[in-house]
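Enquirer: Please find one structure pasted underneath; my questions will follow.
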Amino acid sequence: MNTLKKALLERGLSQSKASRLADIPQSNFNQICNGKQQPCPAWRCRLSKILEIPEDELFPEYTKKEVE
């Protein structure tokens, strides 16, 4: 289970309600949850706000890697 699906489950939010709260079309939201579409930066930001999770924790795959 990916981080987004886990966060929705923990908060008792359906994909439908979360997509409305984040103003993301439900079909796109479903594809994001299933890993078939990448969320744009604005969507990632809105989702992190409604779920109250830092964006880098919710979408760690988009976190910039530090140069070693």
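Here's the yes/no breakdown for (1) in a loop (DSSP other than H, G, I, E, B); (2) basic (Lys, Arg); (3) touching a helix residue (DSSP H, G or I) at 6+ places or on another chain (Cβ under 9 Å):
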residue: Lys6; (1), (2), (3): no, yes, no
residue: Arg20; (1), (2), (3): no, yes, yes
residue: Ile24; (1), (2), (3): yes, no, yes
residue: Gln37; (1), (2), (3): yes, no, yes
residue: Trp43; (1), (2), (3): no, no, yes
residue: Arg46; (1), (2), (3): no, yes, yes
residue: Ile50; (1), (2), (3): no, no, yes
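Enquirer: From the list Ser19, Ser14, exactly one residue is exposed (fewer than 13 other Cβ atoms within 10 Å of the Cβ) and hydroxyl-bearing (Ser, Thr, Tyr). Which is it? Lay out the reasoning, then the answer.
Expert: Values: Ser19 fails: exposed (fewer than 13 other Cβ atoms within 10 Å of the Cβ).
Selected residue: Ser14, the only one of Ser19, Ser14 that is exposed (fewer than 13 other Cβ atoms within 10 Å of the Cβ) and hydroxyl-bearing (Ser, Thr, Tyr).
Enquirer: Out of the residues in region 2-11 meeting the condition of being of a type in the set (A, V, I, L, M, F, W, C) and under 14 Å from Pro60 (Cα atoms), tell me which one is surrounded by the fewest Cβ atoms within 10 Å (Cβ to Cβ). Lay out the reasoning, then the answer.
Expert: Of the residues in region 2-11, the ones of a type in the set (A, V, I, L, M, F, W, C) are 4, 7-9.
Retained after the next criterion (residues that are under 14 Å from Pro60 (Cα atoms)): 4, 7.
Numbers: Leu4: 22, Ala7: 20.
The residue in question is Ala7.
Enquirer: Continuing with the same structure: Counting only residues that are exposed (fewer than 13 other Cβ atoms within 10 Å of the Cβ), touching a residue at least 12 places away in the same chain (Cβ under 8 Å) and not charged (D, E, K, R), how many does region 42-67 have?
Expert: 2
None of the figures in this text is laboratory data; all of them are computed from the coordinates on show. Everything numeric in this text was worked out from a predicted model, so none of it was measured. Glycine also receives a Cβ, built like all others from the backbone with ideal geometry; neighbour counts cover every protein chain displayed.
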